[in-house]
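A.B. asks: Have a look at this one before I ask anything.
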Amino acid sequence: MIHKKGDISLEDILRKIRSNPRIKEVGAICCFIGIVRGVTRNGELVEKLEVEAYEEKANETLLKICEELSQREGIVDVQIHHNVGFFDVGDDLVYVVVAGSHRHQVFPVLMEAVERYKKEAELWKKEHTS
């Protein structure tokens, strides 16, 4: 889901996952936290990052990814929460959290969720460099 900066935390997401009625099936919760990198791929220093989204479409896409990956064997819950707005270096941008029965089921789904949201979600990032 898309959120304005500061509207959701990793703790909020973990609380939501732990409230899932199927939590007794969970033996592993795996998290990815994407943060603002301070240097571009070209070596320029980043001062700020601006993230925009076509929120309605991005929410549909993120929900679809989560629903599809939640159908995998042993997976109980998949959550993708991306922030929009202006961010400083080191600020949290995205939380991807996967809960499942065993770590060997959870890790590949986490990696796929990250790769898919980066390719499929209607999000745009603009680095402001010095």
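A.B. asks: Being crowded, with 16+ Cβ neighbours inside 10 Å and assigned to a helix (DSSP H, G or I) is the filter here, so list the residues in the stretch 1-27 that pass it.
C.D. replies: Ile13, Leu14, Ile17
A.B. asks: Within the stretch 33-63, track down each residue that is under 16 Å from the mean Cα position of the chain (by Cα), crowded, with 17+ Cβ neighbours inside 10 Å and in a strand (DSSP E or B).
C.D. replies: Residues satisfying the conditions are Val51, Ala53.
A.B. asks: So for the stretch 90-109 (the condition being in contact with a helix residue (DSSP H, G or I) (Cβ under 6 Å, 6 or more places away or on another chain) and basic (Lys, Arg)), does at least one residue qualify?
C.D. replies: For the stretch 90-109, residues in contact with a helix residue (DSSP H, G or I) (Cβ under 6 Å, 6 or more places away or on another chain) and basic (Lys, Arg): absent.
A.B. asks: Of (1) touching a Phe, Trp or Tyr at 6+ places or on another chain (Cβ under 8 Å); (2) closer than 16 Å to Trp124 by Cβ; (3) among the aromatic types (Phe, Trp, Tyr), Tyr54 satisfies all except one. Which?
C.D. replies: So the condition that Tyr54 fails would be (1).
A.B. asks: Would you check if there is a residue in the stretch 79-93 being among the aromatic types (Phe, Trp, Tyr) and over 15 Å from Met1 (Cα atoms)?
C.D. replies: Yes; the residues of the stretch 79-93 include at least one that is among the aromatic types (Phe, Trp, Tyr) and over 15 Å from Met1 (Cα atoms).
A.B. asks: Run down Cys66, Cys30 and say which single residue is in a helix (DSSP H, G or I) and crowded, with 17+ Cβ neighbours inside 10 Å.
C.D. replies: Residue meeting the stated conditions: Cys66.
A.B. asks: Given the structure, is Lys16 in contact (Cβ under 8 Å) with a residue 40 or more places away in the chain, closer than 25 Å to His102 by Cβ and among the charged types (D, E, K, R)?
C.D. replies: Yes.
A.B. asks: List the strands (runs of 3 or more DSSP E) inside the stretch 73-130, counting only whole elements, that have at least 1 residues being surrounded by fewer than 17 Cβ atoms within 10 Å (Cβ to Cβ).
C.D. replies: On the way: elements: 75-88, 92-100, 123-129.
Once the strands (runs of 3 or more DSSP E) in the stretch 73-130 are filtered for at least 1 residues that are surrounded by fewer than 17 Cβ atoms within 10 Å (Cβ to Cβ), what remains is 75-88, 123-129.
A.B. asks: Can you find a residue that is among the polar types (S, T, N, Q), in contact with a Ser or Thr (Cβ under 7 Å, 6 or more places away or on another chain) and within 23 Å of Lys119 (Cβ to Cβ) anywhere in the stretch 65-74?
C.D. replies: Taking the stretch 65-74 as the starting set, the residues that turn out to be among the polar types (S, T, N, Q) are 70-71.
From what is left, the residues that are in contact with a Ser or Thr (Cβ under 7 Å, 6 or more places away or on another chain) are none.
No, every residue in the stretch 65-74 fails to be among the polar types (S, T, N, Q), in contact with a Ser or Thr (Cβ under 7 Å, 6 or more places away or on another chain) and within 23 Å of Lys119 (Cβ to Cβ).
A.B. asks: Can you tell me which residue in the stretch 76-130 is farthest from Glu25 (Cα to Cα), limited to those that are in contact (Cβ under 8 Å) with a residue 60 or more places away in the chain and basic (Lys, Arg)?
C.D. replies: So the residue we want is Lys126.
We did not get these values from a lab; they are worked out from the coordinates using the rules stated. In this text the structure is predicted, and so the values were computed from the model without any measurement. Methodologically, a virtual Cβ is constructed for each residue, glycine included, from the backbone with ideal geometry; neighbour enumeration extends over all protein chains shown.
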